[in-house]
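Note sheet for the following structure.
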Amino acid sequence: MGLLSVLTSGCGTPPELRDTQPSQSARSASPTPTGTATTTAAALPPTGAPTPTARSTPVAVQCSAGPTSQQVTALVRRQDLLPDDAQVRVLTGPLCADDWHYTHLAVTGYEPLQVVSQGSGTAPRLVTAGTDVCTAEVRVISPTGIRTLACHAGSGT
């Protein structure tokens, strides 16, 4: 029994979690029971990384304002991800959600190529392209419709 009291005597709120200057709301609130600590959450400093946000478009639909399949193919070729003479056929898309685009290409002699781009339909920016386009940027920032296509298409999940 003595060992149990020695082991539990050090329990409590760690010093870094104790609020040395209670906020006005904490001082005016009813007292807490003995042994219960009141903690407040501190704001995290900015990291410079994009802030994840809930995006408005839950599904991707046929792009009405571009990009066209030819623009997506040209975008991938400019990045030297396709040989100039490769024959390309669009399997899916481009599909849009907000200002993000998803296209699935069949490339003769190669595995199918998935492409995720973002920006205006006339001047898209390549986000990623390959056989697995579920990158951190796509998982965290893209709209749900694009993330679903990029991260779950064909995976059975």
First select every other residue whose beta carbon is under 15 angstrom from the beta carbon of Ala129; then total the charges, Lys and Arg +1, Asp and Glu -1. -1
Quick one: with all protein chains in place, what share of the accessible area of the range 92-157 is carbon or sulfur, to the nearest percent (1.4 Å probe)? 54
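Stretched out fully, how many nm does the piece from Gln87 to Thr135 gain, at 0.36 nm a residue minus the Cα gap? Don't jump to the answer; show the numbers that get you there.
Numbers: separation 48, 0.36 × 48 = 17.28 nm, distance 2.61 nm.
Separation in residues times 0.36 nm, less the Cα-Cα distance, equals 14.7 nm.
The values are calculated or read from the model by the stated rules, or taken from the named source; none is laboratory data. Only a predicted model underlies this, so the values are computations on that prediction, with no experimental measurement involved. Note that we place each Cβ from the backbone using ideal geometry, even for glycine, and neighbour counts take in every protein chain shown. Ligands, DNA and RNA are stripped out before the accessible areas are found, and what is left, the full protein with its side chains, is counted by its heavy atoms. Shrake-Rupley method; radii C 1.70, N 1.55, O 1.52, S 1.80 Å.
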